[in-house]
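> Here it is, the structure in full.
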Amino acid sequence: MDLYVQVLVSGLLLGGVYALISIGLNLIFGVVRIINFAHGEMVMLSMYLTFWLNHLYGLDPYLSVIIVLPVMFVFGVMFQRLVVQPILTTSATMKIFTTVGISLLLQNLALIFWKGDFRTVRTSYSMSSLEVLDIIISVPRLVAFGTALLSIIILYAFLKYTYVGKALRAIVEDHSVARLMGVGVEKHYWFAFGLGTMFTALGGVLLVPFSSVYPTVGVPFTLLAFVVVVLGGLGSMSGTFLAGLFIGCVESFGGTFVSPGLKEAIYFAIFILVLLVRPQGLFGKGKGTEEVGLK
Amino acid sequence: MRKALILGLSITLLLTTFGAGAFGAEKLELGALYPISGGLALLGEESWRGAEIARLVRNEAGGVAGKEIVFAQGDASTPSAARSEAERLVEQKKVAAILGTYSSSRCMAASEVTARKGIVYFELGAIANSITTRGYKTMWRTNPTAADFSKAQVGFITDWYAPKLGKKPAEMRVSIAHEDSDYGTSVADSFSNLAKAAGIQVVSVEPYAANTNDLSSVIFRLRKADPDIVVAVSYANDAILLARQAYELKLKAPLMGTGGGHSIQSFADALGKEADGVLNVDFTQYEVNEQFTPGLKEFLALYKKTFNEDPRSGHSLANFMGANVVFDIIEKTGGSLDPEKIREAAMAVDIAPGNTPTGWGVKFEENGQNVMATPLVTQWRDGKLVTVWPESASVMAPIIRE
Amino acid sequence: MTKNKLYIIGAFVFLVLLIIPLFYESTFVLHMYTLIFFYTALTAAWNIPAFGGQLSLGHASFFGIGAYTAAILYVNYGVSPWIGIVAAAAAAMVGGLVLSLPLIRLRGPFFTLASIAFAEVLRMIAIDWRSLTNGSVGINIPFKPSLMNLTFQSGMPFYYISLALAVGVVYLTYRIRSSALGFHLRAAASDDEAAKALGVNTTLTHFIALMWSSGITGVLGLFYVFYIYVLEPQTFFSLDLFSLQPALNGIIGGMGTVWGPVIGAILMTPLGEFLRFYLGTIQQGLNFVVYGLVLVLTVRFIPGGIVSLLTPMIKRKKAKKTANLPKETEVA
Amino acid sequence: MALLEVKQLTKRFGGLVAVNQMNFEVAQGEIVGLIGPNGAGKTTVFNLISGILPATEGSIVLNNCELSRMPAHRRSLAGIGRTFQVVRPFEMTVLENVMVPALTRTKNTAKARKKAFQVLEMMGLDELAEAEPGNLTLAQRKRIEVARALATDPKLLLLDEVLAGLNPTEVAENLPLIRQVRDKGVTIIFIEHLMDAMMSVSERVLVMDQGSLISSGTPTEVTNDECVIKAYLGEEDPQC
């Protein structure tokens, strides 16, 4: 019995970070309608940034958000302006391949500048853990989970109560209706991109205390984030959060009780199955899906 | 536009055809095939550095059979790239032999090419057993095999660890956690077979994907299996992750690594003092009894001079040693790389253990395998990877951390 | 250029390709050509669903299924790879069938994502199911040269085999494109709803295209494994090598056209190889940086692929034909 | 015996009722106009009949054959042809555009090509066969749209504003085509905003407002119907 609870806790903690990284994708994908295959590289860049701030200036990873988040926001905006803007009117294929190219570019620039070494940041809390009723809870993972939860609540409030947030939500639901309602759809792209990148970067920062940094560290996150977004439902923040936790638990339970080597396979299979049976996602309302290719 | 395109296409095809010009040779050109891009780039390059130092030293001393050694470098970033690169090195660069490769799967693909062309292949670092069991007459390997690694691990467990716990080998419970590429799988298989043959209980085998960011499920499974020791076969990233999560999730059994992932400096950097006590079986590392490894000090100095930093793992040393063996063999054939002459010279080599920078002896079997090369058991102690077993090579006695 | 002239040029190029091995002993050159032909065939097969606008990034799944089926039959049961062709095609088509299930409901980007996930699932299964696939260690094709075993001492037979495959598959895609299937695929790509309203069963159309494509890709997997001798999951289900690469060739050459894949494969295959050994050895990763740039810039500035640089010529020619017609004025 | 029988046809999008309990019949050989103010649900009715959208409720019977559960392409095979309000030519030549539907009737490309040519000749487009639709005028593209629908050999043809956006000369040129098509034995329902054109061609007119059928009859009857006038003026009238 203890084992089940332990596996559950471990899965939930993992899922928190997944949710955070995926929320960023959901914003970008939902608003700009682009499949960004370089999403994992944004995680990678923010991790490197955190690492270097720590390595060169001794800045604590958690404190480094003051610098990493604004920098990555600007990076996201630049990415939108320079890379995404020019290809907005082209087909989905072209968008996919542009971002695949960018992903290849960023990974290998990282390799050139920072080499293939596995770099880690070691802090006093890196490997500390709490023990509650025989259940072990890793401190940095708990912090990551708590921060993820908190920032998702903040994002939720932002989307719900501010004008810009409402506009973003309208765009996610339906581009043409938003346009009819007088929302300048394209005007919000850069902001959505910046904001999405910032949340993704926060996920990256929170990973650093317990995960190595290397050029290809972001690769698994790209597909993972898409799985979470699709399961959670496009445009649904709470759905993405739940889906993130769900995938974390699938990974944890599948890895423990089926086979560690098959844990990704299990959630990919669930992903395909969900696309088949319920393309609007497990928790989604099915809005805006028509435009991006779901029937 | 259309004309330009047709022109462009023709030029591409022409380049493909004629770009492959021949290469003049007063030099001795050898192919140096390592993964220097892609996922294995780090240790691939580290391996190449060892061979490169051997080449520089040898050239300074007048080369091999009076010829200057030149490396034609190839990038075996993937197994199929290894195959392409082997073709290119042999056909375009006209190399008469290839050395390399660090990665077993790259070696397998590349040496299939050379075997069919009757070109000699020297493996200096990849450990998969199958490399020298295919029966190719042109395949030579200077470093120990996966089976040798397992032998060392089983030996350590039965001779030192079991008595320490006050158990008989048959009472020992061992788990294996391995990354699931060919490297981890074949090494784990080899260990599992040898351990069972020695009467040790293998209580669980846990394969996992090396590029994962969470190994808690592996730890949970290991906790459930409750072994006395966990043998891990890992690359760099997963070695760190496994050790970190084992500590975090309070896995009782000590870890014993197998090869590169656990001996690279970044492992100790990442774990800090929690790395203390982690065991590993690997090629010869730098904290070793110098009586056993003549020439190691000089190598370290050369390394520092050439690359302006300390070696990142023992891979460079193993390749340095191996390249020297190769150069000696070629010296004896008078610079010829004819497979028959190489065979004659190679089979004549007989060096007892404790006479090379890695401490390995050299004696080739019919299948091309050096049977006198043995990996050593090391342990992280205060941020240094010290050799602890066997006694002849050790600088400290092993400990078991509580 | 008239059609006849084109045929003559085509026949000439083909003849030159036929006799190249007679003058070139260098198997590296043969190897490069073999790779080019091979990728031409692979890209052309990938391109069949692309006629219908479906972008698959999971073709490695069919490739791997075909390769594994044939290799297991050959190594474990001694079935000649020539007979294995049927099994490889059939098994890959079953894979295509599974992937086509989501197709009933998915379009565009979601199909692409599903196809990637599908190939990844297969890769992990191939690693895990060791009793069948021998896991990551993989399967070696024993070196027993004979035509029946599809194993040869020299590189020349594979040069001709891959040339035949390239010509055959490209011809097949040409036939498909000008058949009812091709028309319906292009219609579906251009406007799915309008096509349906005109009686085109677009779901079935996409399905048939995927069947052709997966079957052919499976057969190519078979030939590739007998060419490279070693079969293991990381390579044969590789996203980079057999899912992205054919897609990349197709897009750079011109997706959904007959000649796009040919041009793409001829340009990109040597580029990848040359970049690797000229730049990759200077500085780790530099080759991929250039590759990524080529990709981004091509998509940005020649979105229709290199083939689209040709079509204005053809259009101008056709426009001349229609120029003497009275032009009606547009009011809308 | 009616060619098309529509009963209780209803379409709801969430809370919005786009088409509400429509009942009507169309006899073999009729030319029926479908009019109504913007947003009345006319195009939705076409989408429901042609199967582009599934109906929420109701039945659609063509020649004693129930269509409402069939996918769009089967309805086309059953004899329903349609055009789209916004012209949607495929990215291929005019001839190839018309070959697409012809190829759903035969797999033989030569036969399909011949058939497509015949239709193009009838529509006066044969000289533009090799042109790309993108380079043509709107009037020409609208004709391609009709030609494509005709190449399916429809029993019932649904024309959605084929005259909209054309100048008076073009309207005058295209108008006779509608009768000409009918004379080949094709029954026609068409949506049109140009009242004059509508009234001159149609034999019977159906009027929709806010998803419901509010009137039907000959052009003269309909134009004198108070409900229709009020609907166009936007007044609410509980009796209608």
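The values are calculated or read from the model by the stated rules, or taken from the named source; none is laboratory data. Note that the structure is predicted; figures quoted are calculated from it, not measured. Neighbour counts run over all protein chains shown; Cβ positions are idealised from the backbone, glycine included. The accessibility values were calculated without ligands, DNA or RNA, using every heavy atom of the protein model including side chains. Shrake-Rupley method; radii C 1.70, N 1.55, O 1.52, S 1.80 Å.
> With just the Cα atoms defining each centre, how far is segment D:134-201 from segment B:79-142? Give it in Å.
Computed from Cα coordinates, the inter-centre distance equals 72 Å.
> Computed on protein heavy atoms with a 1.4 Å probe, what is the summed buried accessible area for the chain pair C and B, in Å² to the nearest 100?
Separately minus together, C and B give about 4200 Å² buried.
> Sequence gap at least 6, Cα distance under 8 Å: using those rules, report the relative contact order of chain B to the nearest whole percent.
Relative contact order for chain B comes out at 17 percent.
> Mind giving me the FRET efficiency for D:Glu25 and D:Lys114? R0 is 41 Å, r the Cβ-Cβ distance, nearest 0.05 is fine.
Result of the calculation: an efficiency of 0.70.
> For segment B:27-53, list whatever residues lose no less than 10 Å² of accessible surface once every protein chain is in place, relative to that chain by itself, with the probe at 1.4 Å.
Listed by number, the residues meeting the 10 Å² cut-off are B:Ile36, B:Ser37, B:Gly38, B:Gly39, B:Ala41, B:Leu42, B:Glu45.
> Then there is this: About its Cα centre, how strong a charge dipole does chain D have in debye, to the nearest 20, once Lys and Arg get +1 and Asp and Glu get -1 at the Cβ?
That gives a dipole near 1220 debye.
> For chain D, modelled as a GNM with alpha-carbon contacts under 10 angstrom, which of D:Lys111, D:Lys42, D:Lys184 fluctuates the most?
With Cα springs under 10 Å in chain D, the top fluctuation among D:Lys111, D:Lys42, D:Lys184 is at D:Lys184.
> Still on this structure: Using only Cα atoms, tell me the angle between helix C:81-103 and the longest principal axis of chain C; keep it within 0 to 90° and round to the nearest 10.
The answer is roughly 50 degrees.
> What nm value, rounded to one decimal, do you get for the distance between B:Val371 and B:Asp226 when each label is placed 7 Å out toward the C-beta?
It works out to 4.3 nm between the two label points.
> Around A:Val83, what is the net charge, scoring Lys/Arg as +1 and Asp/Glu as -1 over all other residues with Cβ under 14 Å from its Cβ?
Here the charged neighbours net out to +2.
> With the contact rule set at Cα under 8 Å and sequence spacing of 6 or more, what percent relative contact order holds for chain C?
29 percent
> Translational diffusion coefficient, Stokes-Einstein: compute it for segment D:88-152 using the Kirkwood radius over C-alpha pairs as Rh, at 20 °C and 1.002 mPa s, and state it as an integer in µm² s⁻¹.
The estimated diffusion coefficient comes to 192 µm²/s.
> Please compute the contact order of segment C:191-265 in relative form: average sequence separation of alpha-carbon pairs under 8 Å and at least six residues apart, divided by the residue count, as a percent.
After rounding, I find 14 percent.
> Step by step: find N for chain D, compute 2.2 N^0.38 Å, then divide the Cα radius of gyration by it. What's the final number?
1.01
> In chain A, which helices (entire DSSP H runs) extend 30 Å or more along their own long axis, judged by Cα positions, while averaging at least -0.5 on the Kyte-Doolittle scale?
Sorted by number, the helices that extend far enough and score high enough are A:2-32, A:92-114, A:139-161.
> Right, another one. Given a 1.4 Å probe, show me the residues in segment A:102-119 buried by at least 40 Å² of accessible surface when comparing the whole protein assembly to the chain alone.
A:Leu104, A:Leu105, A:Asn108, A:Leu111, A:Ile112, A:Asp117, A:Phe118
> Dipole of segment C:3-318, Cα-centred, from +1 at each Lys and Arg C-beta and -1 at each Asp and Glu C-beta, to the nearest 20 debye?
980 debye
> Separate question: Among rounded, prolate and oblate, which fits chain C when a ≥ b ≥ c are the square roots of the eigenvalues of its C-alpha gyration tensor, a/c under 1.5 means rounded, and a/b larger than b/c means prolate?
In terms of gyration-tensor shape, prolate.
> Say the dipole of segment A:2-218 comes from +1 at the beta carbon of Lys and Arg and -1 at that of Asp and Glu; which of A:Phe75, A:Pro61, A:Leu180 then lies farthest toward its positive end?
Value: A:Leu180.
> For the protein assembly as shown, report the accessible area per residue in Å² (1.4 Å probe, heavy atoms, rounded to an integer).
Per residue, the protein assembly as shown has 36 Å² of solvent-accessible surface.
> I've got another one for you. When the accessible area of chain C is split by element with a 1.4 Å probe, what percent falls to carbon and sulfur?
70 percent
> In whole angstrom, and with the biggest value first, how far do the Cα coordinates of segment D:7-109 range along each principal axis?
Between the extreme Cα coordinates on each principal axis of segment D:7-109 lie 44, 31, 28 Å.
> Moving on to the next point. What FRET efficiency comes out for C:Arg130 versus C:Val79 if R0 is 30 angstrom and r is the Cβ-Cβ distance? Round to the nearest 0.05.
0.90
> What whole-number value in cubic angstrom gives the convex hull volume per residue for the C-alpha atoms of chain B?
Dividing the Cα hull volume of chain B by its residues yields 153 Å³.
> To continue, here is another question. For segment D:110-184, count all C-alpha to C-alpha pairs, find those more than 15 Å apart, and express that count as a whole percent of the total.
54 percent
> Give the cross-link partners of B:Lys332 among the aspartates and glutamates, using a straight C-alpha distance below 20 Å as the criterion and excluding same-chain residues fewer than 8 apart.
B:Glu26, B:Glu29, B:Glu60, B:Glu68, B:Glu123, B:Glu340, B:Glu344, B:Asp350, B:Glu365, B:Glu366
> For C:Leu122, what charge total do you get from the other residues with a beta carbon under 13 Å from its beta carbon, if Lys and Arg give +1 and Asp and Glu give -1?
Net local charge, C:Leu122 excluded: -2.
> With a/c under 1.5 counting as rounded, go ahead and sort segment C:27-180 into rounded, prolate or oblate using the C-alpha gyration tensor (a ≥ b ≥ c being the square roots of the eigenvalues; past the cut-off, prolate if a/b is larger than b/c, else oblate).
Note, shape of segment C:27-180 comes out oblate.
> Exceeding 27 Å between C-alpha atoms, which entries from my cross-link table qualify? They are D:Lys111/D:Lys184; B:Lys137/B:Lys297; B:Lys151/B:Lys252.
B:Lys137/B:Lys297
> Check which residues have an amide H placed less than 5 Å from B:Glu287's amide H, if you skip close sequence neighbours.
Under 5 Å from the amide H of B:Glu287 lie the amide H atoms of B:Thr387, each far enough along the sequence or on another chain.
> Computing the accessible area with a 1.4 Å probe over protein heavy atoms, can you report the carbon and sulfur percentage for segment B:310-402?
The computed percentage sits at 52.
> Could you work out how far helix B:146-156 tilts from the main Cα principal axis of chain B, as a 0 to 90 degree angle to the nearest 10?
Helix B:146-156 sits roughly 20 degrees off the main axis of chain B.
> What quantity of accessible surface, computed with a 1.4 Å probe and excluding non-protein components, is buried in total between chains A and C, in Å² to the nearest 100?
The contact between C and A buries close to 3800 Å².
> Starting from the alpha-carbon convex hull of segment A:187-285, give the projected area averaged over all orientations, in nm².
Directional mean of the projected Cα hull area for segment A:187-285 stands at 7.5 nm².
> Also, I was wondering about something else. Among A:Thr93, B:Ala195, C:Met124, pick out the residue whose Cα is farthest towards the positive end of the charge dipole of the protein assembly as shown, where Lys and Arg carry +1 and Asp and Glu carry -1 on C-beta, about the Cα centre.
Going by the charge dipole, the pick is A:Thr93.
> Leaving ligands, DNA and RNA out of it, report the carbon-plus-sulfur percent of the accessible area of segment A:2-218 at a 1.4 Å probe.
Within segment A:2-218, the accessible surface is 70 percent carbon and sulfur.
> Let me ask you something else. For B:Lys224, go through the aspartates and glutamates and keep the ones whose alpha-carbon is under 20 Å away, minus same-chain ones fewer than eight residues off.
List returned: A:Asp2, A:Glu131, A:Asp134, A:Glu251, B:Glu171, B:Glu179, B:Glu206, B:Asp214, B:Glu248, B:Glu402.
> I'd like the FRET efficiency for A:Val258 and A:Ile135, computed as 1/(1 + (r/R0)^6) with the beta carbon distance as r and R0 of 22 Å, rounded to 0.05.
0.50
> Sticking with this structure for a sec: Run the dipole for chain B about the Cα centre, Lys and Arg Cβ at +1, Asp and Glu Cβ at -1, nothing else charged, and hand back the magnitude in debye, nearest 20.
540 debye
> Chains B and A: buried accessible surface, both sides, probe 1.4 Å, rounded to 100 Å²?
3000 Å²
> Still on this structure: Label points 7 Å out from Cα along the Cβ direction at D:Leu16 and C:Asn4: separation in nm?
Between D:Leu16 and C:Asn4, the simple spin-label model gives 6.1 nm.
> I'd like the distance separating the alpha-carbon centroids of segment D:41-91 and segment A:162-188, in whole Å.
32 Å
> Same structure, new question: Need the per-residue list for segment D:55-80: every residue with at least 10 Å² less accessible surface in the complex of protein chains than in the chain by itself, probe 1.4 Å, sorted by number.
D:Ala72, D:His73, D:Ser76
> Then there's this: What is the ratio of the Cα radius of gyration of the protein assembly as shown to 2.2 N^0.38 Å, with N the residue count, to two decimals?
For the protein assembly as shown, the normalised Cα radius of gyration is 1.04.
> Here is a follow-up. For segment B:239-301 and segment B:310-339, what is the separation of their Cα centres, given in Å?
First find each Cα centre; the distance between them is then 25 Å.
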